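Below is one structure, written out as structure tokens; the observations come after it.
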Amino acid sequence: MGLENLNVNQDIDLEVKKGPYKGNYESRVADIKDEVIEILTPYREGNLVPLRQGLEVVIFFAGDTAAFKFISTVENRRSEPVPVLCLEKPEEDDLVKIQRRDHFRLEARKKVWYRAVDEDWEPAEEEFSETHTLDISGGGVKMLVPRDYDVVEGDFLELKLDIEEIEEVSIISEVVNKYNQPSIQDKKPLGIQFIDIDRDTRDLLMGWMFEYQRKLRRRGLL
């Protein structure tokens, strides 16, 4: 049930694993036909990347609840009306589900502001404290707090993430893990689960995560 998540005009990532054009590229689906998927020929530094016929590529794309990848082959190239690559269309069994989006975890250091709230989610602390994340997912974050910060699993926190799309949104969260790890610069890591986050906010967060991942892949860091 993965191919139904791939649509015309959808952004995708393309990976070439070997050869003179080895690397990661951004592209977009131009058309989907019975036996081929047409994608825009990628560019690098303003020039078309001339991926040859018969070249094996890996395609990554995101659906509503999961990310997918599949291996394909460049069947043909066409230059008119716009340059496209014609890829062999995969069978459903050829798709690999990468991770559920809620559980997809991205290592990212972003500022986060937090304060304790009570069981009714009313502020138990007047001011927010600032720290940073160690990783982020659609379902929560791993972040650092001072080693002497008084918190136990099951406590509630109000969070604000330094992500432009959602920076004004308060997210009620629960402490679900106090990691038994050495302190990091006199701070300890906490596992935080979002428990009151609306769908629009989660979608904006996931959109930011996938775009961040695309940038890392483009720079060869992923």
Handout entry: Residue that is surrounded by the most Cβ atoms within 10 Å (Cβ to Cβ), among those in region 159-189 that are closer than 12 Å to Gly140 by Cα and more than 21 Å from the chain's Cα centre (by Cα)
Key = Val175
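Per-residue answers, yes or no, for (1) in contact with a Phe, Trp or Tyr (Cβ under 9 Å, 6 or more places away or on another chain); (2) within 10 Å of Trp113 (Cα to Cα); (3) not basic (Lys, Arg):
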{"residue": "Ser129", "(1), (2), (3)": "yes, yes, yes"}
{"residue": "Ser137", "(1), (2), (3)": "yes, no, yes"}
{"residue": "Pro146", "(1), (2), (3)": "no, no, yes"}
{"residue": "Glu153", "(1), (2), (3)": "no, no, yes"}
{"residue": "Glu158", "(1), (2), (3)": "yes, yes, yes"}
{"residue": "Asp162", "(1), (2), (3)": "yes, yes, yes"}
Practice task
Among the numbered conditions (1) closer than 16 Å to Thr73 by Cα; (2) surrounded by 13 or more Cβ atoms within 10 Å (Cβ to Cβ), tell me where Gln10 comes up short.
Solution key: (1)
Practice task
Could you pull out the residue among Lys89, Lys17 that is surrounded by 15 or more Cβ atoms within 10 Å (Cβ to Cβ) and under 26 Å from the mean Cα position of the chain (by Cα)?
Solution key: Lys89
Problem - Glu26 being surrounded by 15 or more Cβ atoms within 10 Å (Cβ to Cβ), out of contact with any helix residue (DSSP H, G or I) (no Cβ under 8 Å at 6 or more places or on another chain) and acidic (Asp, Glu) - result: no
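Taking region 30-43, which residues are touching a strand residue (DSSP E or B) at 6+ places or on another chain (Cβ under 7 Å) and farther than 17 Å from Glu91 by Cα? Working first, answer last.
Within region 30-43, the first condition is being touching a strand residue (DSSP E or B) at 6+ places or on another chain (Cβ under 7 Å), and the residues that meet it are 30-31, 36-42.
Within region 30-43, Ala30, Ile39, Leu40, Thr41, Pro42 meet the criteria.
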Completion exercise
Counting only residues in region 195-222 that are within 15 Å of the chain's Cα centre (by Cα) and at pLDDT below 75, the one farthest from Asp148 (Cα to Cα) is identified as Arg218
Problem - Count of region 137-150 residues which are within 12 Å of Gly191 (Cβ to Cβ) and at pLDDT 90 or above - result: 6
Fill in the blank from the handout: Checked region 143-192 for anything aromatic (Phe, Trp, Tyr) and assigned to a loop (DSSP other than H, G, I, E, B); matches are Tyr149, Tyr179
Practice task
Take the residues in region 124-142 that are of a type in the set (Gly, Ala, Ser) and not in a strand (DSSP E or B), then tell me which one is nearest to Gln193 (Cα to Cα).
Solution key: Gly139
Problem - Candidates Ile184, Ile192, filtered to the one that is at pLDDT 90 or above and among the β-branched types (Val, Ile, Thr) - result: Ile192
Problem - Check on Ser170, polar (S, T, N, Q) and within 28 Å of Gly63 (Cβ to Cβ) - result: no
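For region 109-145, enumerate the residues that are of a type in the set (D, E, K, R) and surrounded by fewer than 16 Cβ atoms within 10 Å (Cβ to Cβ). Quick ask: steps written out before the conclusion?
Residues of region 109-145 of a type in the set (D, E, K, R): 109-111, 115, 118-120, 122, 125-127, 130, 135, 142.
Passing the criteria: Arg109, Lys111, Asp118, Glu119, Asp120, Glu122, Glu125, Glu126, Glu127, Glu130.
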Handout entry: Hey, Lys187 touching a Pro at 6+ places or on another chain (Cβ under 7 Å) and farther than 30 Å from Asn24 by Cβ or not
Key = yes
Exercise for the section: Give just the number: which of (1) part of a strand (DSSP E or B); (2) within 24 Å of Ala62 (Cα to Cα); (3) in contact with a Leu (Cβ under 7 Å, 6 or more places away or on another chain); (4) not hydroxyl-bearing (Ser, Thr, Tyr) does Ile195 not satisfy? Expected result: (3)
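The values are calculated or read from the model by the stated rules, or taken from the named source; none is laboratory data. The structure presented is a predicted model; accordingly, all values stated were derived computationally and were not measured. Because the Cβ atoms are built from the backbone with ideal geometry, glycine has one as well, and the counts that use them run over all protein chains shown.
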